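Following: one structure in structure tokens, then a few remarks.
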Amino acid sequence: MDARLLPTVDLDTIFRPRLAQLLNVEEMTAKEKLFTFQLKDGTPLGQDPGQFVEVSVFGIGEAPISVSSSPTRGDTFELCVRAVGNVTNALHRMAPGATVGIRGPFGQGFPVEEMRGRNVLFVAGGLGLVPLRSLIHAVLDMRQDFGAVTILYGTKNPSELLFRNELAQWEARDDVDYQVTVDVADESWRGNVGVITTLFRGLPVDPRNTVAVIVGPPVMYRFVIREVLGKGLPMGRILVSLERRMKCGVGKCGHCQINGVYVCQKGPVFTYSELRNLQEAI
Amino acid sequence: MPLKVIEKRDVEPLIRHLMERFQVVGIKKKDGKNTYGVIESPAELRLDSCATITSPKKYFFPQRETLLQFAVDGSWEPQAVVEAQPRIIFGMRPCDIAATWMLDMAFSEVNADANYLEKRKRALIIGVDCKEPCDEYCFCKSMGTLEVETGYDLFFTAADDTYIVRTGTPEGEALLGEWGKAREALYEDRVKLRAVQREKDERFKEALEFDVEELPRFLEDSYRSLLWDVLGEKCLSCGSCNLVCPTCYCFNVLDEVKLNLSEGERYRVWDSCQLEGFAKVATGENFRERRGDRVRHRFFRKGKYMKEMFGRFGCVGCGRCTRACLVHINPIEVYNQLKGGE
């Protein structure tokens with residue numbers, strides 16, 4: 001094109017992270033830690049529930065991590081991270097006081113405003129609770145704005161359960177129906193055993209006024225979406241958040257693309273109706 | 001924009017003149033092959049050669065490019081790095097000018113990418129018309145990129161002992177004006193230009209058996225075709241097609257620490273959607289594990305997704321991927337196989 005038509009650009013580019021200080025590290029399980037950060041410029045992160053950030057461990061690299069805390073809870077933010085790659089293992093070696101880089105928040109989060117007034121059915125599988133927690137907190141902090149709240153949570157085994165203190169709080173609340181299951185129990189486990197779809201048997205869901213929000217490993221979506229469709233929910237009120245390799249976060253690098261859609265731009269949160277004809281999505 | 005005329009014998013002095021102010025890049029011989037490279041002396045520039053292995057995108061989007069400098073311990077604010085210099089690309093072909101338009105769109109929209117755009121804006125593009133097809137692999141005529149109306153500052157068409165020069169921008173016009181040796185085109189020059197264009201058009205043949213506007217529909221109708229399995233069984237997933245493609249712009253981002261271990265830089269490098277790990281996430285899930293799915297993704301990007309995003313095809317018909325492909329996957333053949341859907 002005519003170079004004069006090209007946009008003027010900020011030389012402080014889209015690839016420059018802001019610095020953030022690690023304030024606290026809490027061990028969640030053998031593989032996951034919860035990190036609390038604050039941006040060094042003092043500003044809040046400004047995330048919507050469901051958005052992600054690109055975290056830099058300088059010298060190691062950058063990785064996309066979903067924000068686990070709700071914007072309704074203060075100026076710090078939390079990332080729950082499994083040690084699985086170079087960047088995440090480096091994060092796990094960090095102690096409070098360390099500095100990381102943060103770009104974002106990026107992507108489209110959960111449509112909280114459109115969910116107001118409705119029943120919310122949360123379905124979390126494994127690490128899916130991490131992004132979902134940002135929305136659960138936001139909904140519980142504005143509890144009177146929502147109808148019935150149901151949280152279904154499943155992990156492979158009891159040792160993988162995240163945020164145990166909070167799980168106990170949700171269990172204790174009268175205004176939340178919290179149910180948990182594990183694929184394989186151990187000696188200490190007294191609860192449900194079975195994959196997450198077993199929690200749907202007899203689960204009361206009002207299809208006229210419920211939003212289902214499902215986050216979990218790729219294999220889970222196919223089965224759980226089938227369950228909520230079976231409860232009569234319209235495809236537009238089934239929300240999912242998709243994991244992809246969002247290398248740049250700004251719609252350029254191509255790694256997160258599903259068919260013609262850049263997940264970092266149009267997602268990671270989608271309605272099932274947006275995905276139903278994207279063959280590579282689910 | 002005015003039409004100018006330059007005598008062929010004046011081109012070398014023109015290049016010498018431009019080299020005083022700009023880095024001049026053009027097609028030259030390297031190890032017996034045509035390639036875009038920095039012109040060290042005017043005689044090197046081969047305005048008549050075509051079919052370069054790689055495309056001139058490397059001057060706007062280098063194979064490796066620094067994005068950031070940082071302290072490993074985060075003790076100072078990371079600094080964005082944008083490298084750009086005044087540059088003239090002399091002799092860009094119509095297909096590559098069309099491809100540059102595509103990259104301009106990709107790096108401009110939504111989040112403007114300064115690393116690309118600064119290099120692009122500081123470059124002047126002098127196009128040179130093709131006389132005949134590079135070889136049996138190029139199919140620019142079918143992709144609608146045989147002629148370009150915009151995207152250049154100047155555009156040279158050889159006619160007898162002269163180049164008839166279309167000016168595309170005031171910057172291009174100023175470049176010639178300040179040099180002073182181009183004359184205004186006369187009526188006979190315009191007649192000559194039209195004759196050359198007509199002869200050129202006759203030498204290029206249509207390679208597709210259908211109107212290219214049908215391509216997105218043919219692709220969509222063939223999403224589940226066994227053709228992708230067949231191509232997947234042939235493809236070696238080497239990524240050569242991506243490296244030579246003038247419109248491929250996917251990249252990876254990596255960190256490198258300096259020897260002092262306290263500072264480092266972040267850089268991006270070209271990446272390939274054909275490599276096995278391209279869509280793999282840290283937990284091990286690979287969202288495009290099958291080779292046929294990766295081949296399909298590339299063809300869909302070029303023939304459908306980019307068209308939907310930017311309004312033009314991601315394939316400009318340059319034929320580079322066919323020449324580079326070790327197993328002779330040829331988009332002309334693939335597109336023609338798609339005709340009529342499944």
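The values are calculated or read from the model by the stated rules, or taken from the named source; none is laboratory data. This structure is a prediction, so every number in the text was calculated from the model and none was measured. Note that we place each Cβ from the backbone using ideal geometry, even for glycine, and neighbour counts take in every protein chain shown. For accessibility, only protein heavy atoms count, side chains too; no ligands or nucleic acids. Shrake-Rupley method; radii C 1.70, N 1.55, O 1.52, S 1.80 Å.
In a helix (DSSP H, G or I) and at negative phi: is that true of B:V269 in this structure? No: the conditions fail for B:V269. Among all positions in region B:49-57, there is no residue which is surrounded by fewer than 17 Cβ atoms within 10 Å (Cβ to Cβ) and basic (K, R). In the set B:A114, B:A71, B:A99, only one residue is at the interface with another protein chain (Cβ under 10 Å from one of its Cβ atoms), surrounded by 20 or more Cβ atoms within 10 Å (Cβ to Cβ) and hydrophobic (A, V, I, L, M, F, W, C); that residue is B:A114. When the criteria are applied in full, A:T99 fails the requirement of being within 30 Å of B:W101 (Cβ to Cβ), among the hydroxyl-bearing types (S, T, Y) and within 14 Å of another protein chain (Cβ to nearest Cβ). The residues on offer are B:T54, B:T35, B:T66, and the sole one that is part of a loop (DSSP other than H, G, I, E, B), touching a Lys or Arg at 6+ places or on another chain (Cβ under 9 Å) and of a type in the set (S, T, N, Q) is B:T54.
Each row is one residue, and each column tells you yes or no for (1) assigned to a loop (DSSP other than H, G, I, E, B); (2) surrounded by 15 or more Cβ atoms within 10 Å (Cβ to Cβ); (3) without any contact (Cβ under 8 Å) to a residue 60 or more places away in the chain; (4) within 14 Å of chain B (Cβ to nearest Cβ).
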{"site": "A:M1", "(1), (2), (3), (4)": "yes, yes, yes, yes"}
{"site": "A:T8", "(1), (2), (3), (4)": "yes, no, yes, yes"}
{"site": "A:T13", "(1), (2), (3), (4)": "yes, yes, yes, yes"}
{"site": "A:Q21", "(1), (2), (3), (4)": "no, yes, no, yes"}
{"site": "A:V25", "(1), (2), (3), (4)": "no, yes, no, no"}
{"site": "A:A30", "(1), (2), (3), (4)": "yes, no, no, no"}
{"site": "A:K33", "(1), (2), (3), (4)": "no, yes, yes, no"}
{"site": "A:F37", "(1), (2), (3), (4)": "no, yes, no, yes"}
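You will find that of B:K57, B:K8, B:K33, the residue that is in the same structural domain as B:A98 (by TED's automatic domain parsing) and more than 23 Å from the chain's Cα centre (by Cα) is B:K8 and no other. Remark: pairs (first residue in region A:63-76, farther than 26 Å from B:V253 by Cβ; second residue among the small types (G, A, S) and open to solvent by 50 Å² or more (accessible area, probe 1.4 Å); Cβ separation under 8 Å; 6+ apart in sequence or on different chains) = A:P71/A:G46.
Table: residues versus (1) touching a residue at least 24 places away in the same chain (Cβ under 8 Å); (2) more than 17 Å from B:D96 (Cβ to Cβ).
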residue: B:D135; (1), (2): yes, no
residue: B:K141; (1), (2): yes, no
residue: B:L146; (1), (2): yes, no
residue: B:E149; (1), (2): no, no
residue: B:D161; (1), (2): yes, yes
residue: B:K181; (1), (2): yes, yes
residue: B:K192; (1), (2): yes, yes
residue: B:D201; (1), (2): yes, yes
residue: B:D211; (1), (2): no, yes
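Taking (1) touching a residue at least 24 places away in the same chain (Cβ under 8 Å); (2) of a type in the set (F, W, Y); (3) assigned to a loop (DSSP other than H, G, I, E, B) in turn, B:W76 satisfies each apart from (1).
Of the strands (runs of 3 or more DSSP E) lying entirely inside region A:127-241, none contains at least 1 residues that are touching a His at 6+ places or on another chain (Cβ under 7 Å). In region B:296-309, the residues that are in the same structural domain as B:P246 (by TED's automatic domain parsing) reach residues that are assigned to a helix (DSSP H, G or I) and open to solvent by 10 Å² or more (accessible area, probe 1.4 Å) with C-beta atoms within less than 6 angstrom, at least six apart or across chains, in these pairs: B:K304/B:P216; B:K307/B:P216.
Among B:C315, B:C248, which is surrounded by 21 or more Cβ atoms within 10 Å (Cβ to Cβ), farther than 30 Å from A:V100 by Cα and away from chain A (no Cβ under 12 Å)? Only one candidate passes the filter, namely B:C315.
For region A:251-278, taking the residues that are surrounded by 21 or more Cβ atoms within 10 Å (Cβ to Cβ) and small (G, A, S), the one that is farthest from the other protein chains (Cβ to nearest Cβ) is identified as A:G267.
Of the set (1) closer than 22 Å to B:K57 by Cβ; (2) buried (at least 20 other Cβ atoms within 10 Å of the Cβ); (3) away from chain A (no Cβ under 11 Å), all apply to B:L338 but (1). Mind listing whichever residues of region A:226-250 are open to solvent by less than 20 Å² (accessible area, probe 1.4 Å) and in contact with a strand residue (DSSP E or B) (Cβ under 6 Å, 6 or more places away or on another chain)? Across region A:226-250, the qualifying residues are A:V228, A:L233, A:I238, A:L239, A:V240, A:S241, A:L242, A:M246, A:G249. Just the residues that are more than 20 Å from A:C264 (Cβ to Cβ), buried (at least 21 other Cβ atoms within 10 Å of the Cβ) and at the interface with another protein chain (Cβ under 10 Å from one of its Cβ atoms), please, taken from region B:272-303. Of everything in region B:272-303, just one residue is more than 20 Å from A:C264 (Cβ to Cβ), buried (at least 21 other Cβ atoms within 10 Å of the Cβ) and at the interface with another protein chain (Cβ under 10 Å from one of its Cβ atoms), namely B:R296. Summed over region B:22-32, the residues that are crowded, with 17+ Cβ neighbours inside 10 Å and assigned to a loop (DSSP other than H, G, I, E, B) give a count of 1.
With respect to the numbered conditions (1) surrounded by fewer than 19 Cβ atoms within 10 Å (Cβ to Cβ); (2) part of a helix (DSSP H, G or I); (3) aliphatic (A, V, I, L, M), which one is the sole condition not fulfilled by B:A84? With (1) surrounded by fewer than 19 Cβ atoms within 10 Å (Cβ to Cβ); (2) part of a helix (DSSP H, G or I); (3) aliphatic (A, V, I, L, M) applied to B:A84, the lone miss is (2).
The set of residues in region B:6-23 that are closer than 19 Å to B:R166 by Cα and free of Cβ contacts under 8 Å to residues at least 60 places away in the same chain contains only B:E12.
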